[in-house]
Amino acid sequence: FSPNPKKEIDYCAKHASPPWNNGDQRWLELAAKGADYWQDLLPGQLVSYKVDCQPTGTLPENARVLCFHGKPDPHEVTNAFVVDNW
């Protein structure tokens, strides 16, 4: 990836499925075929702020890792469990 990142990203964009999955994450998926996903190995323990917390304002009970993807960023959130741990 490092010697020519533009070439690699362009390749990923051509082979992206779904179409939005065309960046470095797609490159990792193509480069590490058959790799396990943490979400599968630790169900319910890796959670998305946007999907799992934002709608209810709460952190799921079994959560061990809270992921922020897209917006909001952690510093933009006012939930106590984020503020206290950020």
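The values are calculated or read from the model by the stated rules, or taken from the named source; none is laboratory data. Only a predicted model underlies this, so the values are computations on that prediction, with no experimental measurement involved. Neighbour counts run over all protein chains shown; Cβ positions are idealised from the backbone, glycine included. Just so you know, the surface numbers come from the protein's heavy atoms only, side chains and all, with ligands and any DNA or RNA stripped out. Shrake-Rupley method; radii C 1.70, N 1.55, O 1.52, S 1.80 Å.
The residue pairs whose first member lies in the range 27-38 and is under 23 Å from LYS7 (Cα atoms), whose second member is among the β-branched types (Val, Ile, Thr), and whose beta carbons are closer than 8 Å, counting only pairs six or more residues apart or on different chains, are TRP27/ILE9.
When the criteria are applied in full, VAL82 meets the requirement of being in a helix (DSSP H, G or I) and open to solvent by less than 80 Å² (accessible area, probe 1.4 Å). Within the range 43-59, the set of residues being exposed (fewer than 13 other Cβ atoms within 10 Å of the Cβ) and more than 13 Å from the chain's Cα centre (by Cα) comprises PRO43, GLY44, PRO55, THR56, GLY57, THR58.
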